[in-house]
Amino acid sequence: MSGSGTGVEEMTEDEVASRAAPGRRHRSRVGYVAGLFGLLVLLLLGVVVVLIAQGSIPIPVGEVLRILTGQDAESAVNRTIVLDARLPKVVAGLLAGAALAVGGAQMQTLFRNPLADPFVLGVSSGAILGAAIVILGTGGVGWLSGLGVVSQLGVTGAAVAGAAGVLLIALGIARRVGDPVVVLVVGVMLGYLAGAVVDMLVYYTDPDRLQALATFTRGSVRNVTWHELQVVAVSCAVVLVLSVFLAQPLNALLLGERYAGSLGVNVRRVHFLSLASVAVLSGVITAYCGAIGFVGLAAPHLARGLLRTSDHRLVLPASALIGAVIVLVAEYVAGGNGLTRTSLPLNSVTAFVGAPVILWVLLSGRARRQAR
Amino acid sequence: MTVEPRPALQAVAVSAGYRRRRRHPAVTVLRDVHLAARPGELITLIGPNGAGKSTLLRTLVGAQPPLAGHVLLDGRDLAALSPRQRARRLAVTLTEPVDVGQMTVDAVVALGRIPYRSWIGRENARDRAAVDRALLDAGVADLRDRPLTDLSDGERQRVMVARALAQEPAVLVLDEPTAFLDVARRIEFAAMLTRLSTTTGTAIVLSTHDLAFALRRADQVWLVGGDGTVTAGAPEDLACGDAITRAFTGENMSFDDAAATIVVADDEVPGATVRVVGEGRPRQWAEHAARRAGWTPTPDAADHVLTVEPGTPCRWRVDGTHVPDATRAHGIGFDSLVTHLRGCATPLREDARTG
């Protein structure tokens, strides 16, 4: 462009000043964002340590830190409790929170719907359906625990496929209907439908497992073993890292599909990659921890609210941190504190965060539409 | 002789249309279209509804392939460019509303740099400079830290232009950018586009329904005729010839040259002429009032004389040249003038309708 070079000399002093100003604002903004991420990381570490230290047998924080950093522990029992009983639960919760939150953040942009998340739109139910079909179809020997690595992967794959199926149906409907609230109701119905099919399958094949299934569909990170965590950790870590590359195309999609296309973004490819990553994240987590609700919905909204931006380059990592904190805090409230003998399902706790966020989004969205 | 600069955007023997379904025969809307947008030109695209404006725009920006012919962007075939290459030369603003959630103006404009960035999206100094320049050029530098959701329609429209400019395009295509703006915002926006086209050398193509605006501002008008043709030319050439009249006027309509717009002619009453005597604006608006009442103002001697004197509101007097005459009256304000003139013309109007 020929004119842009000469234009610089023509700028008035005011214009130069107004160009200089954003530098200062930019620096303070960078400081705010960095501070926020620092705080979130500290908060997460704090929750991790507290969750490991507390329980039916309390372990001093110093001892926990010594064991975690690989130093000599005061007692071998403590070491076993920390590494074999509590750490798998904490790692599973951390991964589940991060995976569901990143999945939810992507779905909200993909569906152009602030209320989208793997649980609400029935993706988790689809995953359970997929897993149930494989487990019951192969003889119903047990609910994941007790399965060999191959069948474990088979069940995980089926869960991912079930999640992907519901995602495709929901996205197809969302692109045709457009109204976020209608899509929400459709998703809830899809979830009920998948859940009903699972109940029927289980009831007619093995009524004794119905109780186990009930806890499974309400979410728990407590029964995951190190052995199972390998599959979860590897698949989630890979997809979480890959979703960094989706941040910029997702930003373009905020403008709408036609604008994104005009910016050179391959919209179909981004849709496919994002759907695939959401299916893997929510499918894998659901296969091992059950359907954990509302984290994927609440965490991205909290991240955007705290960061005061929708930029996915910041929202995706912040959502992951917040999601992890939510699940771990929920696990603490649900019984990880050792104050009670029994424990609650995770969903009974996460609903306390999720339901108000849904209500807030619905009501503020309506208020904004009326103001225009 | 000056050397003609290479067109920024060119349509060579383009046929445009659409397919209802895959493998169905295509419906051709426009045939054999030849167009050229030179750098720095402001071009308005006009045409009646359903004539194929949108089809032409979609074809020119590569959103749909031409059925025949080629669209050239900076001399290269649009179909041969990758989406990223195309996005570095061609930017668009659309009519669809944008809801980006929580984003500042600066962040929205920075999205225009996506075609230049690596896959991870890091912003370098060149990106920053382009965003700053785009914010200044579109006149939204003061708004840069405001959330997009806080802005008025006019401000949002400018931000979307800034976002397009951040792509540093050779061609900027705007789909009905002034549709939701009030008159003052519309004029501001038009002035900004004129300035942009000359200072940045970008070729700007915009579609509009505002005929007066299209003719007043454009270096070139592309007229989609409704008969499958597109006529390109200077606004005066199209207006002076009968191309615009043919494309737009229905029954009982005509092209009003002074107002550069289409007017409805059904209230014109043959024979009821009036000579308006007065000065400046009062005289101009007295003629307007007479026309509104269904009379034809004329500078020549007429059966009636309307005299108008300045004031707020203006004083008026109607005299007939024949004596005695029922049309003789006077009053203050154009409302009473129109009422009076309509009253006089009623018998004539009924004659005109029944006959």
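The values are calculated or read from the model by the stated rules, or taken from the named source; none is laboratory data. Given the structure is predicted, the values throughout are model-derived calculations rather than measurements. Cβ atoms come from the backbone with ideal geometry, glycine included; neighbour counts cover every protein chain shown.
Check whether at least one residue in segment B:114-128 is within 16 Å of B:Leu94 (Cβ to Cβ) and outside any helix (DSSP H, G or I), and report yes or no.
No, segment B:114-128 contains no residue that is within 16 Å of B:Leu94 (Cβ to Cβ) and outside any helix (DSSP H, G or I).
If the requirement is being at pLDDT 80 or above and either closer than 30 Å to A:Ser310 by Cα or surrounded by 21 or more Cβ atoms within 10 Å (Cβ to Cβ) (or both), which of these qualifies: A:Val186, A:Val231, A:Val197, A:Val202?
Only one candidate passes the filter, namely A:Val186.
Is it the case that segment A:61-76 has a residue that's closer than 17 Å to A:Leu346 by Cα, of a type in the set (Gly, Ala, Ser) and at pLDDT 85 or above?
no
Are there any pairs with C-beta distances below 6 angstrom linking a residue in segment B:73-84 that is on the phi > 0 side of the Ramachandran plot to a residue that is modelled with pLDDT of 90 or more and part of a loop (DSSP other than H, G, I, E, B), with the two at least 6 apart or on different chains, and if so which?
Cβ pairs passing all conditions: B:Asp74/B:Arg89; B:Asp74/B:Ala170.
Kindly state which helices (runs of 4 or more DSSP H) lie completely within segment A:234-308 and contain at least 1 residues that are among the small types (Gly, Ala, Ser) and away from chain B (no Cβ under 14 Å).
Fully inside segment A:234-308 and qualifying: A:267-289, A:295-307.
Can we say B:Asp182 is of a type outside the set (A, V, I, L, M), more than 9 Å from chain A (Cβ to nearest Cβ) and farther than 14 Å from B:Pro97 by Cβ? Give the derivation first.
On the way: of a type outside the set (A, V, I, L, M): yes; more than 9 Å from chain A (Cβ to nearest Cβ): yes; farther than 14 Å from B:Pro97 by Cβ: yes.
Spelling it out, B:Asp182 is indeed of a type outside the set (A, V, I, L, M), more than 9 Å from chain A (Cβ to nearest Cβ) and farther than 14 Å from B:Pro97 by Cβ.
For every residue, the table says whether it meets (1) touching a Lys or Arg at 6+ places or on another chain (Cβ under 6 Å); (2) of a type outside the set (Val, Ile, Thr).
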residue	(1), (2)
B:Leu136	no, yes
B:Met160	no, yes
B:Phe180	no, yes
B:Val221	no, no
B:Gly228	yes, yes
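Of the residues that make up segment B:7-15, is at least one modelled with pLDDT of 90 or more, at positive phi and surrounded by fewer than 22 Cβ atoms within 10 Å (Cβ to Cβ)?
Scanning segment B:7-15 turns up at least one residue that is modelled with pLDDT of 90 or more, at positive phi and surrounded by fewer than 22 Cβ atoms within 10 Å (Cβ to Cβ).
Tally time: how many residues in segment B:37-73 are part of a loop (DSSP other than H, G, I, E, B), buried (at least 19 other Cβ atoms within 10 Å of the Cβ) and within 14 Å of chain A (Cβ to nearest Cβ)?
So the answer is 5.
Considering B:Leu111, B:Leu148, which residue is in contact (Cβ under 8 Å) with a residue 40 or more places away in the chain, facing another protein chain (nearest Cβ under 9 Å) and either farther than 28 Å from B:Ala214 by Cβ or among the hydroxyl-bearing types (Ser, Thr, Tyr) (or both)?
B:Leu111 is the lone residue from the list that is in contact (Cβ under 8 Å) with a residue 40 or more places away in the chain, facing another protein chain (nearest Cβ under 9 Å) and either farther than 28 Å from B:Ala214 by Cβ or among the hydroxyl-bearing types (Ser, Thr, Tyr) (or both).
Return the residue satisfying two criteria in turn: it lies in segment B:153-173 and is part of a loop (DSSP other than H, G, I, E, B) and surrounded by fewer than 24 Cβ atoms within 10 Å (Cβ to Cβ), and of such residues it is nearest to the chain's Cα centre (by Cα).
Per the criteria, the residue is B:Ala170.
With respect to B:Asp32, determine if the residue is surrounded by fewer than 19 Cβ atoms within 10 Å (Cβ to Cβ), within 14 Å of chain A (Cβ to nearest Cβ) and in contact with a Ser or Thr (Cβ under 9 Å, 6 or more places away or on another chain).
No, not satisfied.
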